[in-house]
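Coordinate-derived values only; no laboratory data. What you see is a predicted model, and the numbers here were worked out from it, not measured in a lab. Using ideal geometry, Cβ is built from the backbone for each residue, glycine included, and neighbour counts are taken over all protein chains shown.
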Amino acid sequence: MKRLFVSLTVFSIGLTLVAQETVDLVTLTGRYGLPQSYKDTYTGEAQESGFSFAAQYGKNIAKNSMIAINLNHFYFNVQGDPAIPDNIANPLILNGTILRAGLIQSFSNGRKLQLLLAPRLMSDYENLDGNSFQMGAIASYQRKFHDDLTLGFGAMYNQERFGPYFVPLFVINWQVSSKFNINGLIPITVRIEYKAKENLTIGLSHFGMSTSFYLSDEAYAGDYIERLSIDPTLFVRQKLFGPLYLEAMVGHTIARGYNQYAGDQKVDLAIPLVTFGDNRTVKSVKFNDGLILQLKLVINVLRSQN
């Protein structure tokens with residue numbers, strides 16, 4: 001164990017594993033990070049931008065059984081210092097397409113079991129091949145203790161470019177009062193929401209992410225990028241009309257990084273906060289954390305509960 005694995009992972013945008021009265025059926029998100037200086041070596045600034053798309057679908061196949069499908073696409077763009085050497089990706093353009101599909105099985109006494117497979121394509125999308133493919137899975141069990149509280153636990157595994165990644169999960173959906181709600185898939189996401197008005201919600205959101213992308217451009221000889229970021233944000237969600245909502249978010253990144261490694265450099269095992277057998281050498285130079293702005297357009301609909 002050589003260093004802290006300071007970022008958390010993603011894999012629950014759109015599909016939260018938590019029973020809720022409503023669900024974000026489709027989400028479009030734009031992201032902009034204010035330009036930040038590099039920690040060393042370069043005198044210029046790096047600017048991060050991107051967008052994501054999330055959609056989900058569920059269909060009952062029996063009285064207590066549902067097929068769940070969730071599709072995400074992520075795009076990140078980092079414009080860096082012109083002095084960065086040719087063997088370091090610049091500008092850095094990354095895409096990730098993730099499918100999660102599987103079964104949600106309901107039982108008596110408000111219990112649910114969820115099993116999902118999670119194939120994904122994570123790459124610069126220059127020359128897609130088998131190296132861009134990753135495979136993972138998610139399992140969770142949850143129980144409704146009363147109408148206002150659902151708790152559960154689970155685990156997520158993914159075979160990243162840097163090696164095996166395992167994340168224990170804690171599920172919570174707690175309607176603290178008629179105005180306050182806490183829901184999340186810890187340590188990936190947490191939202192603390194306050195219903196200020198009938199159509200206006202404000203709150204605090206946490207989103208932690210650690211993913212890897214294969215660089216298929218021949219200039220980088222099969223290297224990969226490990227993207228790290230923990231994003232606490234304040235948000236305001238306003239209902240526009242019908243099921244359409246607009247959400248504005250402002251926050252500050254923690255431990256953000258786009259680290260480039262040689263393709264043959266791996267870790268033995270990674271879990272949140274810790275890596276084992278990590279003897280890798282970073283090729284790229286980190287830039288500082290900074291303010292991020294995000295804007296979401298959401299289609300939110302009622303969801304029936306089994």
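Calculated on the alpha-carbon coordinates, the convex hull of segment 24-69 measures out at 105 cubic angstrom per residue. Relative intensity of segment 158-234 on a log10 scale, I(q)/I(0) at q = 0.22, 0.24, 0.27 Å⁻¹, equals -1.00, -1.09, -1.22, per a Debye sum over C-alpha point scatterers of equal strength in the absence of solvent.
For the residue pairs K144/K239; K179/K296; K197/K239; K112/K144; K39/K266; K39/K283, alpha carbon separations beyond 19 Å are given by K144/K239; K179/K296; K39/K266.
Computed over the alpha-carbon atoms, segment 173-306 gives an Rg to Rh ratio of 1.08, Rh here being the Kirkwood radius from the mean inverse distance. Compare the Cα positions of A155, S49, S212 along the charge dipole of segment 4-292 (+1 at Cβ of Lys, Arg; -1 at Cβ of Asp, Glu; about the Cα centre) and return the one farthest towards the positive end. About the Cα centre, the residue reaching furthest to the positive side is A155. Here is the list for segment 40-137: trypsin sites (Lys or Arg not before Pro) lying in DSSP coil, each with at most 12 other C-beta atoms within 10 angstrom of its C-beta, are K63. Ranking of M122, M66 by neighbouring Cβ atoms within 10 Å, starting from the fewest: M66, M122. Its Cα gyration tensor gives segment 18-100 an equivalent ellipsoid; the semi-axes, largest first and in whole Å, are 40, 13, 9.
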